[in-house]
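Have a look at the structure below before the remarks.
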Amino acid sequence: MNASVFSQFLLHIGDSHLILSHRLSEWCGHAPELELDIALANIGLDLLGQARTVLSLAGEIEGQGRDEDRLAYFRHEREYRNLLLTEQPNGDFGQTIVRQWLMDHYHALLFRALSESKHEGLAAFAVKSLKEVNYHLRFSSTWMERLSLGTTTAHEKIQHGLAQLWRFTDELFDLTPEEYLLVEAEIIPDLAPLKHIWQTRVTEELTRLGLQIPELGAYRRGAKQGLHTEHLGYVLAEMQYMQRSYPNMVW
């Protein structure tokens, strides 16, 4: 097993969860109703817990003495490996739900496959996380249906959210040439079959909800190369401010 490649793959997972968690935390006190405020915060906390576990494992595999906090707070933008989809702004509530729904379908497939990993720590993490992921998918699916089949305005907002976010979905299942070594070692799954399943499920649901997949000229990608949109820098500036101002501060 190539420790460097494995740690980078884990950073990709952990960073995606961390940034998505931060985005959901931005809804605290601003969600349309109190129940949604609490629900989004709880989902964000689930994602944060998952991020902590994966980043800790990445630090152990990496072997450079970096724990979850150092990985989260002391890396620069180009060192982050999160999916571009996770760093996109919340927009309105409809757009946030679209982003979460797309990610939840992805997580459900990814963690089910990772639960069969030959690496015991990664497999255990995936099995535990699946319970939370299934709840997240039920929540986002329920709201996708409510909004898409609700008022004309709500339906239009969901369609607008898809138009804003769909360009970032093609990189969800990208693997680097080096990561195929992990596939051969049965540490991570081949994501190509999962991509086909994801596309089928998402397309069927969008059709049922009367939504159209946007026609795009090109998809955006670059997560694993540290090539991000302009939004990640603002997220990190807020998230890392305290530790960068007062290094090694503890509660």
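The values are calculated or read from the model by the stated rules, or taken from the named source; none is laboratory data. Remember, predicted model here, so these are calculated numbers, not experimental data. Cβ: placed from backbone, ideal geometry, glycine included. Neighbour counts: every protein chain shown. All accessible areas refer to the heavy atoms of the entire protein, side chains included, with ligands and DNA or RNA removed. Shrake-Rupley method; radii C 1.70, N 1.55, O 1.52, S 1.80 Å.
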Mind listing just one residue for me: the one in region 129-164 that is charged (D, E, K, R) and closer than 22 Å to residue 197 by Cα and, of those, farthest from the chain's Cα centre (by Cα)? 145
Test: residue in region 197-212 that is closer than 19 Å to residue 87 by Cα and either out of contact with any Cys (no Cβ under 9 Å at 6 or more places or on another chain) or modelled with pLDDT under 95 (or both): no
Helices (runs of 4 or more DSSP H) fully within region 144-251 counting 3 or more residues that are open to solvent by less than 30 Å² (accessible area, probe 1.4 Å) and touching a residue at least 12 places away in the same chain (Cβ under 8 Å): 152-165, 192-208, 231-239
With 123, 113, 192, 185 as the choices, which residue is touching a Ser or Thr at 6+ places or on another chain (Cβ under 6 Å) and farther than 29 Å from residue 35 by Cβ? 123
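Just to be sure I understand, how many residues within region 78-91 are acidic (Asp, Glu) and surrounded by 15 or more Cβ atoms within 10 Å (Cβ to Cβ)?
Residues flagged as acidic (Asp, Glu) and surrounded by 15 or more Cβ atoms within 10 Å (Cβ to Cβ) within region 78-91 amount to 1.
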Here are some conditions: (1) loosely packed, with under 14 Cβ neighbours inside 10 Å; (2) under 21 Å from the mean Cα position of the chain (by Cα). Residue 113 meets all but one. Which one does it not meet? (1)
For region 61-75, give me the residue count where each residue is in contact (Cβ under 8 Å) with a residue 60 or more places away in the chain and open to solvent by 30 Å² or more (accessible area, probe 1.4 Å). 4
Any pair with Cβ under 7 angstrom, 6 or more apart, that starts in region 41-59 at a residue that is modelled with pLDDT of 95 or more and ends at one that is among the basic types (Lys, Arg): 59/66
Only unsatisfied item for residue 125, checking (1) assigned to a helix (DSSP H, G or I); (2) surrounded by fewer than 21 Cβ atoms within 10 Å (Cβ to Cβ), is (2)
If I ask for residues that are farther than 18 Å from residue 73 by Cα and small (Gly, Ala, Ser), which ones from region 10-33 would you list? 29, 31
Conditions (1) farther than 14 Å from residue 43 by Cβ; (2) open to solvent by 40 Å² or more (accessible area, probe 1.4 Å) -> residue 134 fails only (1)
Which one of these does residue 33 not meet: (1) in contact with a helix residue (DSSP H, G or I) (Cβ under 9 Å, 6 or more places away or on another chain); (2) surrounded by fewer than 17 Cβ atoms within 10 Å (Cβ to Cβ); (3) among the charged types (D, E, K, R)? (1)
